[in-house]
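Trainee: One structure is given below, represented as structure tokens, and several questions about it will come after.
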Amino acid sequence: MKQAKVLNEKELKKILDFIDAFDRHAERNRAMVLLSYSCGLRVSELASLRVSDIVNAEGELNDVVLLTAEQTKGNDSRRVFLNKRAKATLSRYFKANTSVIQQCYLFETQKSMRFNTNALTQLLTRLYERVGIVGATSHSMRRTYITKLSTSGVSVRVIAELVGHKSIQTTQRYIDV
């Protein structure tokens, strides 16, 4: 099976520039792309994120997002760490759209419904096509995240834990050499 393309920084910038210039839901779509890129989230996990997963009772961004078994693949809960880039992205998203904080789900469609995995996959696929990145899929940002960690010297066992893989063999298949 052919794997999703691993993106480089230039391609990521091209995607973000396109979103900023031509997308009427720029902040939402930028946040979705960068959360996947910065945290290695699956599309299904992005679609299931609730505002309460991201923001604590005091209205501050959490350092760690606890994904429930229902939100993850494999029915195992896991922790996702929000790095500086992810937090900056989320802050920008909340500032640009102050009504998001009242929503149940972090990312909603223009009809105020939560994205399902298929709709979000289609959105990302169209985005990559419009930008002209061949071979990119909704899984590209996750593969890019895993590959970046690996090339930075992070142990494959640690990466597997971060992305919710039970087997390091699964994680190794994601790494682009």
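The values are calculated or read from the model by the stated rules, or taken from the named source; none is laboratory data. Predicted model, so just to flag it, every value in this text is computed and none were measured. Here Cβ is always computed from backbone atoms with ideal geometry, including for glycine, and neighbour counts include all displayed protein chains. Calculation scope for accessible area: heavy atoms of the full protein, side chains included, ligands and nucleic acids excluded. Shrake-Rupley method; radii C 1.70, N 1.55, O 1.52, S 1.80 Å.
Trainee: Quick one, which of [x] 0.94; [y] 0.97; [z] 1.03 is the actual Rg/Rh (Cα atoms, Kirkwood Rh) calculated for this model?
Mentor: It is the value labelled [x].
Trainee: So how do 18, 115, 81 rank on accessible area, 1.4 Å probe, biggest first, that is with the largest at the start?
Mentor: 81, 18, 115
Trainee: Next question. Amide H to amide H under 5 Å from residue 105: which residues, 5+ apart in sequence or cross-chain, H placed 1.01 Å off N in plane?
Mentor: Long-range HN contacts for residue 105: 51.
Trainee: Treating the beta-carbon of each Lys and Arg as +1 and of each Asp and Glu as -1, no other charges, what is the dipole magnitude of the range 102-177 about its Cα centre, to the nearest 20 debye?
Mentor: The dipole magnitude comes to about 80 debye.
Trainee: Right, next: Which of 19, 61, 120 sits farthest toward the positive end of the charge dipole of the range 18-153, with +1 on the Cβ of Lys and Arg and -1 on the Cβ of Asp and Glu?
Mentor: Result: 19.
Trainee: Taking only protein heavy atoms into account and a 1.4 Å probe, give the accessible area per residue of the range 1-149 in Å².
Mentor: 52
Trainee: Quick one: if you stick a label point 7 Å off each Cα along the C-beta vector at residue 161 and residue 14, how many nm between them?
Mentor: The answer from the label model is 3.7 nm.
Trainee: Could you put 175, 146 in order of accessible surface area, largest first, with the 1.4 Å probe and the full protein assembly present?
Mentor: The ranking, largest first, comes out as 175, 146.
Trainee: For the range 92-140 and the range 1-29, compute the distance between their C-alpha centroids and round to whole Å.
Mentor: 11
Trainee: Mind giving me the nanometre distance, one decimal, between the label points for residue 96 and residue 109, set 7 Å out from Cα along Cα→Cβ?
Mentor: Label-label distance for residue 96 and residue 109, simple model: 2.1 nm.
Trainee: Based solely on its DSSP helices, what 222 nm [θ] is calculated for the chain when runs of n ≥ 4 H residues each add -39,500 (n - 2.57) and the sum is averaged over all residues, nearest 500 deg cm²/dmol?
Mentor: Only helices count here, giving -15500 deg cm²/dmol.
Trainee: Residue by residue, what Karplus-based ³J(HN,Hα) values in Hz, rounded to whole numbers, does the range 138-151 have, using 6.51, -1.76 and 1.60 with θ = phi - 60° and x for Gly and Pro?
Mentor: 5, 9, 4, 5, 5, 5, 5, 4, 5, 5, 4, 4, 4, 6
Trainee: Next question, about the same structure. Based on the Cβ-Cβ distance from residue 52 to residue 122, what FRET efficiency comes out when R0 is 35 Å, to the nearest 0.05?
Mentor: Computed FRET efficiency for residue 52 and residue 122: 0.85.
Trainee: Same structure, new question: Could you check how much of the accessible area of the chain is carbon and sulfur, as a whole percent, using a 1.4 Å probe?
Mentor: Solvent-exposed carbon and sulfur of the chain make up 51 percent of the total.
Trainee: Given a Förster distance of 22 Å, report the FRET efficiency between residue 154 and residue 76 from their Cβ-Cβ distance, rounded to the nearest 0.05.
Mentor: Approximately 0.60, to the nearest 0.05.
Trainee: In addition: Picking from 102, 6, 90, whose Cα lies most toward the positive end of the charge dipole for the chain (charges on Cβ: Lys, Arg +1; Asp, Glu -1)?
Mentor: It is 6, whose Cα lies furthest towards the positive end.
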